[in-house]
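J.: Have a look at this one before I ask anything.
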Amino acid sequence: MTVSNEPGYYADGRFGIRIESIVLVRDAKTLSNFGDKGYLGFEVVTMCPISKKLIDMSLLTVDERKWLDAYHAQTWEKVSPLLKNDERALKWLERETSPL
């Protein structure tokens, strides 16, 4: 199943910010199995850097920072080969996917 993950913040009558990603619902391997019913997880399909300018780094936990760095590393790995003939775009992607 494909769904969209759309966390956001909206200031009523002023503005809104939303980071939207398309994800695939997959069976998740976990230590527990919830009475043989299993668990589900998400596989991110959208491969676009999340702008670090929008993030107050002081609010992130260590695990959240690790998740963002891993997402950006995966984005670089999958998208950079597609940009090999566009030096400007490749430099942008490299900057935007660099570790925090």
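The values are calculated or read from the model by the stated rules, or taken from the named source; none is laboratory data. For clarity, every value in this text was computed on a predicted model and none was experimentally measured. Cβ sites come from the backbone with ideal geometry, for glycine too, and all protein chains shown count toward neighbours. For the accessible areas, the whole protein counts, side chains as well, though only heavy atoms, and no ligand, DNA or RNA atoms are used. Shrake-Rupley method; radii C 1.70, N 1.55, O 1.52, S 1.80 Å.
J.: Can you compute the FRET efficiency between residue 53 and residue 30 using 1/(1 + (r/R0)^6), with r the Cβ-Cβ distance and R0 = 30 Å? Round to the nearest 0.05.
T.: Details: r = 35 Å, r/R0 = 1.16.
Computed FRET efficiency for residue 53 and residue 30: 0.30.
J.: Ok, one more. Over the chain, give the accessible area per residue in Å² for a 1.4 Å probe, as an integer. Show your work: numbers first, answer last.
T.: Details: 8080 Å² over 100 residues.
Here the residues of the chain average 81 Å² of exposed surface.
J.: Still on this model: Points 7 angstrom from Cα along the Cβ direction at residue 62 and residue 77: gap in nanometres?
T.: Placing both labels 7 Å beyond Cα along the Cβ direction yields 2.3 nm.
J.: Round to the nearest 10 and give me the degree value, 0 to 90, for the angle of helix 62-79's Cα axis relative to the longest principal axis of the chain.
T.: It is inclined by approximately 60 degrees.
J.: Wrap a convex hull around the Cα atoms of the stretch 1-80, take a quarter of its surface area, and give that in square nanometres.
T.: Values: hull surface 31.0 nm².
Here the figure is 7.8 nm², rounded to one decimal.
J.: Greater than 31 Å separation of Cα atoms is the criterion. Which listed pairs, 52/78; 29/84; 66/91, meet it? All intermediate terms of the calculation are to be shown ahead of the outcome.
T.: Numbers: 52/78 19 Å; 29/84 35 Å; 66/91 22 Å.
Where the Cα-Cα span goes over 31 Å, the pairs concerned are 29/84.
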